[in-house]
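A short write-up of the structure that comes next.
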Amino acid sequence: MSLLTHRSRSLFLLYSVLLFFVATPFFEHREGGETIIVLNLFLTLVAATVLLSEKRAVFLSAIPLAGTSVGLLWLNHIYHTTLLQAASSASLMLFIGLVCVSLFVYLGKTGAIDKERIVVSVCLYFLIALFWFAVFELSNTLHPGSFAEAGATLTGHISPSKMLYFSLTSLTTLGLGDIVPIRPPARMFASLEAASGVLYVAITVARLVASYQTVEKD
C-alpha cells in the first residue's frame, strides 16, 4: 500500500510539472492567464512537498522553503517588483534544488527497477529543467538583457514560456538558437544546464543498472 501511495505521489508531481510546461504558453497572454500559471506552479510545489513527506528531515526542511516560495510567488504576481521577482526566483530555485537532490538520492537506492523508479527518474528530469528555469529568471532579473531572440535583446521581464522553452532546449542540448544567452552569467548557466542534462542521463542509467545488478546477485 505504501508503494502505491508513493507512486501516486510521484505521478501527481509528474502530471503537475508537465501541466505547468504545457499550459504556460497557452495561458500567459490571456486575461487571467498569469493567475492560472501561478496557481499551476503552486500545485507543483505542493506536489513536490507531499512527495518528500516520507523523509521527515527533508520534509521539515522543505515546508518553510515551499511556504516562502509560494508567498513570494503570489506577492510578485500582485506587485511585480524587481526585488520580489529576484526573491521569488531564488526561493523557487532553492526549493526545486532540494527536491531534485532528494529524488536523485532516492534513485540511487538498491532495489528492483520498477514503475515507481522510472516515474521518479522522468519527474526528476523535468524538475531539473524547472530548476534551471528559476536560475535563468534570477539571472535575467539581476542582469537585465541577459538573453536575445532573433538577434534582438530581450528587455524587461521575459515571458515564462520563453524561459521554459530555453531551459528545455538547453537541458536536452537541442539548442535551436532562436533564443540565446548574451551575458556571461547566463551563458555559463546555459552551458552548465546542458552539461547537467547529459550527465543526468549517463549517471541515472548507470545507477539504475547498478541497482538492478545488486538485486540480481542477492
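Apply the Karplus curve 6.51 cos²θ - 1.76 cosθ + 1.60, θ = phi - 60°, to the phi angles in the stretch 12-19 and return the couplings in whole Hz, x for Gly and Pro.
Residue by residue, the stretch 12-19 yields 4, 5, 4, 5, 5, 5, 4, 4 Hz.
So, counting K/R as plus one and D/E as minus one, what does the shell of residues with Cβ under 15 Å around Leu73 add up to?
-3
First measure r as the distance between the Cβ atoms of Thr153 and Leu176, then evaluate 1/(1 + (r/R0)^6) with R0 = 25 Å and state the FRET efficiency to the nearest 0.05.
Values: r = 18 Å, r/R0 = 0.72.
Efficiency for this residue pair is about 0.90.
DSSP loop trypsin sites (Lys or Arg not before Pro) in the stretch 30-80 with at most 15 other Cβ atoms within 10 Å of their Cβ, which ones?
Of the trypsin sites (Lys or Arg not before Pro), the ones in loops of the stretch 30-80 whose Cβ has at most 15 other Cβ atoms within 10 Å are Arg30, Lys55.
Taking 2.2 N^0.38 Å as the expected size of a compact globular protein, what ratio does the Cα radius of gyration of the stretch 54-96 give against it, to two decimals?
Ratio of Cα Rg to 2.2 N^0.38 Å: 1.24.
Which of Ser161, Ser121, Ser61 moves the most in a Gaussian network model of the chain with Cα springs under 10 Å?
Most flexible of the set in this elastic network: Ser61.
Take the Cα radius of gyration of the stretch 1-101 and divide it by 2.2 N^0.38 Å, with N its residue count; two decimals is plenty.
Compactness ratio reported: 1.12.
How do Met93, Met163 line up, fewest other C-beta atoms within 10 Å first?
Met93, Met163
For the Cα atoms of the chain, what angle does the longest principal axis make with the long axis of helix 160-171, in degrees from 0 to 90, nearest 10?
That works out to roughly 50 degrees.
Would you compute, from DSSP H runs of 4+ residues alone, the mean residue ellipticity of the chain at 222 nm, taking -39500 (n - 2.57) per run and dividing by the full residue count, rounded to the nearest 500?
On the way: 7 runs with 169 residues, N = 218.
Computed mean residue ellipticity for the chain: -27500 deg cm²/dmol.
Could you let me know the centre-to-centre spacing of the stretch 81-137 and the stretch 156-206, using Cα atoms, in angstrom?
Result: 15 Å between the Cα centres.
Fewest first, what order do Leu130, Leu176, Leu142 take by the number of other Cβ atoms within 10 Å?
Leu176, Leu142, Leu130
For the stretch 2-217, please report how many Lys pairs fall under 22 Å Cα to Cα, leaving out neighbours fewer than 8 apart on the same chain.
4
Most fluctuating residue of Tyr79, Tyr106, Tyr200 in a GNM of the chain with Cα springs under 10 Å: which is it?
Comparing Tyr79, Tyr106, Tyr200 in the GNM, the peak value goes to Tyr79.
For the stretch 74-213, just the Cα atoms, rotate onto the principal axes and tell me the three extents in Å, largest first.
That gives 51, 33, 21 Å along the principal axes, largest extent first.
Quick check: the angle from helix 115-142's long axis to the longest principal axis of the chain, C-alpha only, nearest 10 degrees?
Helix 115-142 sits roughly 20 degrees off the main axis of the chain.
Each reported figure results from applying straightforward, stated rules to the coordinates on display, with no laboratory input. Please read these numbers as outputs of a predicted model, since none were measured by experiment. Counting neighbours? That spans all protein chains shown, and the Cβs are built from the backbone with ideal geometry, glycine included.
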